[in-house]
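> Got a structure for you, questions after.
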Amino acid sequence: MANDLSGGFTNPSQDAARAFRQIMDAMARPGRIVSLSGLTPPEPLSRAQANIALTLFDHTTKISLKAHYDNEAVKTWLSFHTGTNFTSPELADFIICDHDGIGAINALKQGSNEYPDQSATVIVGYPKLDHGQCQLSGPGIKDKVMVSITEISPFRNGQAMFPLGVDFMLTCDDKLMGLPRTTKMEMC
Amino acid sequence: MSNDYNFAYLDEQTKRMIRRGLLKSIAIPGYQVPFASREMPMPYGWGTGGVQVTSACLVPEDKIKVIDQGADDTTNAVSIRQFFEKTAKVETTTHTEKASLIQTRHRIPEHDLDENQILVYQVPIPEPLRFLEPRESETRKMHALTEYGLMHVKLYEDIAHHGHIATSYAYPVKVEGRYVMDPSPIPKFDNPKMSMCPALQLFGAGREQRLYAIPPYCEVISLDFEDHPFTRLKANAECELCSANNSYLDEVIIDDEGNRMFVCSDTHYCEARQADGHRGKRNRLDQEGYDATHI
């Protein structure tokens, strides 16, 4: 239903607090898969993507929806719940897309040398989040962790040299895995 | 009864702004993220930055501990603990190992932290280069260019004046080989605990409006020289209440004749050791149960 605005947080303050703890945990410990449930967003937005949106978006953020995410139902729902602004990918703070639609990373905001934090975060729909053949290491990871990323290039091609760069949040239904710019990736 | 406060005091828009900043600070370990710090119902210098970070991270299920220079029972710690009891209705504790979130002023607890804990530091001056270069535009550029020679000159001048690196607190560290960071005024005794720590470490500077972070399992190196390697510093004594010889000690004046005693700065650590039967030299009971060494 195109004008169905239900399915948001029932207790916005505490639900957002719990969702943020999970999101922060995921970003601080890349490879750890956390669960974000409780919302019923319009298709094709996943529950995890919706939780991230309602926790982090507001009238000061610029969002870009790519491919099939760019539809009226999603826009109306996000506008109603967050009051956020929509823009093009190169100007966006947050980009919602699928793993095969990330496109050229160097077309996104990667921050400046003085302010590398002024960079985009990409909230990616991923087909499967589990253990797998891609080895992650770096800050937040004790030794190494194996995850089900099948191709590295969408996340690293065109990624600027640290400290610049783009951070990724990989989502699949209610699952979320963080992939910040510091994480080293290797296929095994 | 109506709840007069939003959960954890801050309004939702402020929390979202801090939360976005925290995620970027985690993605760039040691880098200072500017944020629009709010006025809090306490003066600057009393942990307004730490309180805002804690507010943004807190969930109703949290059990929080607040320490001020290691102590759970000083004014700052007690009032911040009460603040969150009142505004977030969360449980509080003094036990390091039972806390899910610890807000600290100037110490890292003696007890090892674990993966389920978050340590929030209150920071007065987040910029390690500030006393060497007062202009923010310049220090930004120095961080951007990894231009940290000035910091080494400062440590070298310590050696030239004192024969050793005399900086004993807020001792500069390098995080993951990139950003030089101020660990807040913790004693340099605590610096090694920051490296490869299983807990997430968050830093909030309210007046200076900066957030920064050390994700878990990060390499944090205290700056030094090959011929003057970093050393931990602690009073050459043991705790006179619990006899610990490996904890950070405070020196306390106990009368007007200049007598002093050394006690653990971490009150929970000291009390837990005493409960386990460890006794220091001022805390021993004689056979009748009287404190034989009481002055």
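The values are calculated or read from the model by the stated rules, or taken from the named source; none is laboratory data. Values in this document were obtained by computation on a predicted structure and should not be read as measured data. Cβ: placed from backbone, ideal geometry, glycine included. Neighbour counts: every protein chain shown. All accessible areas refer to the heavy atoms of the entire protein, side chains included, with ligands and DNA or RNA removed. Shrake-Rupley method; radii C 1.70, N 1.55, O 1.52, S 1.80 Å.
> In the set B:Gln82, B:Gln117, B:Gln122, which member is surrounded by fewer than 14 Cβ atoms within 10 Å (Cβ to Cβ) and within 29 Å of A:Ala19 (Cα to Cα)?
Residue meeting the stated conditions: B:Gln82.
> Please work out which residue is least open to solvent (accessible area, probe 1.4 Å), limiting yourself to segment A:135-188 and to residues that are among the β-branched types (Val, Ile, Thr), part of a loop (DSSP other than H, G, I, E, B) and more than 11 Å from chain B (Cβ to nearest Cβ).
So, considering only residues that are among the β-branched types (Val, Ile, Thr), part of a loop (DSSP other than H, G, I, E, B) and more than 11 Å from chain B (Cβ to nearest Cβ), the one least open to solvent (accessible area, probe 1.4 Å) is A:Ile149.
Residue-by-condition table, conditions (1) in contact with a helix residue (DSSP H, G or I) (Cβ under 7 Å, 6 or more places away or on another chain); (2) of a type in the set (A, V, I, L, M); (3) more than 16 Å from B:Ala27 (Cβ to Cβ):
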residue	(1), (2), (3)
A:Ser88	no, no, yes
A:Asp100	no, no, yes
A:Val122	no, yes, no
A:Gly140	yes, no, no
A:Val147	no, yes, yes
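> Given the structure, is A:Asn11 within 14 Å of the chain's Cα centre (by Cα) and either modelled with pLDDT under 95 or within 14 Å of another protein chain (Cβ to nearest Cβ) (or both)?
Here the answer is no, as A:Asn11 does not meet what is asked.
> Moving to a separate point now. What number goes with the only condition from (1) assigned to a loop (DSSP other than H, G, I, E, B); (2) open to solvent by less than 60 Å² (accessible area, probe 1.4 Å); (3) free of Cβ contacts under 8 Å to residues at least 40 places away in the same chain; (4) of a type in the set (Gly, Ala, Ser) that A:Gly31 does not pass?
Among (1) assigned to a loop (DSSP other than H, G, I, E, B); (2) open to solvent by less than 60 Å² (accessible area, probe 1.4 Å); (3) free of Cβ contacts under 8 Å to residues at least 40 places away in the same chain; (4) of a type in the set (Gly, Ala, Ser), A:Gly31 violates only (3).
> Within segment B:63-75, work out how many residues are in contact with a strand residue (DSSP E or B) (Cβ under 6 Å, 6 or more places away or on another chain), crowded, with 21+ Cβ neighbours inside 10 Å and not aliphatic (A, V, I, L, M).
The qualifying residues number 2.
> Between B:Glu208, B:Glu138, B:Glu147, which is away from chain A (no Cβ under 14 Å) and either free of Cβ contacts under 8 Å to residues at least 12 places away in the same chain or in a loop (DSSP other than H, G, I, E, B) (or both)?
B:Glu208
> Follow-up. With respect to B:Glu97, is the statement that it is open to solvent by 30 Å² or more (accessible area, probe 1.4 Å) and touching an Asp or Glu at 6+ places or on another chain (Cβ under 9 Å) true?
Answer is yes for this residue.
> Select, from A:Thr82, A:Thr60, the only residue that is surrounded by 17 or more Cβ atoms within 10 Å (Cβ to Cβ), among the hydroxyl-bearing types (Ser, Thr, Tyr) and within 13 Å of chain B (Cβ to nearest Cβ).
Just one listed residue meets the conditions, A:Thr82.
> Please specify each residue of segment B:60-69 satisfying the condition of being under 21 Å from B:Gly206 (Cα atoms) and either among the charged types (D, E, K, R) or part of a loop (DSSP other than H, G, I, E, B) (or both).
Of everything in segment B:60-69, those that are under 21 Å from B:Gly206 (Cα atoms) and either among the charged types (D, E, K, R) or part of a loop (DSSP other than H, G, I, E, B) (or both) turn out to be B:Lys65, B:Asp68, B:Gln69.
> Taking A:Ser88 as the residue in question, decide whether it is farther than 29 Å from B:Tyr217 by Cβ and not basic (Lys, Arg).
For A:Ser88, the condition - farther than 29 Å from B:Tyr217 by Cβ and not basic (Lys, Arg) - is met.
> Shifting gears a bit: How many residues are assigned to a loop (DSSP other than H, G, I, E, B), crowded, with 18+ Cβ neighbours inside 10 Å and at negative phi when one looks only at segment B:100-114?
6
Residue by residue, here is whether (1) outside any helix (DSSP H, G or I); (2) open to solvent by 10 Å² or more (accessible area, probe 1.4 Å) holds:
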position	(1), (2)
A:Asp15	no, yes
A:Asp25	no, yes
A:Pro41	yes, yes
A:Ala50	no, no
A:Leu78	no, no
A:Ile95	yes, no
A:Asp100	no, yes
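> Shifting gears a bit: Could you figure out which of (1) at negative phi; (2) aliphatic (A, V, I, L, M); (3) in a loop (DSSP other than H, G, I, E, B); (4) facing chain A (nearest Cβ under 9 Å) isn't true of B:Ala8?
(1)
> Quickly run through segment B:22-54 and pick out the residues that are more than 14 Å from chain A (Cβ to nearest Cβ), among the small types (Gly, Ala, Ser), open to solvent by less than 50 Å² (accessible area, probe 1.4 Å) and not in a helix (DSSP H, G or I).
B:Ser37, B:Gly47
> Return the total of residues in segment B:166-205 being in a loop (DSSP other than H, G, I, E, B), among the aliphatic types (A, V, I, L, M) and within 14 Å of chain A (Cβ to nearest Cβ).
Number of matching residues: 2.
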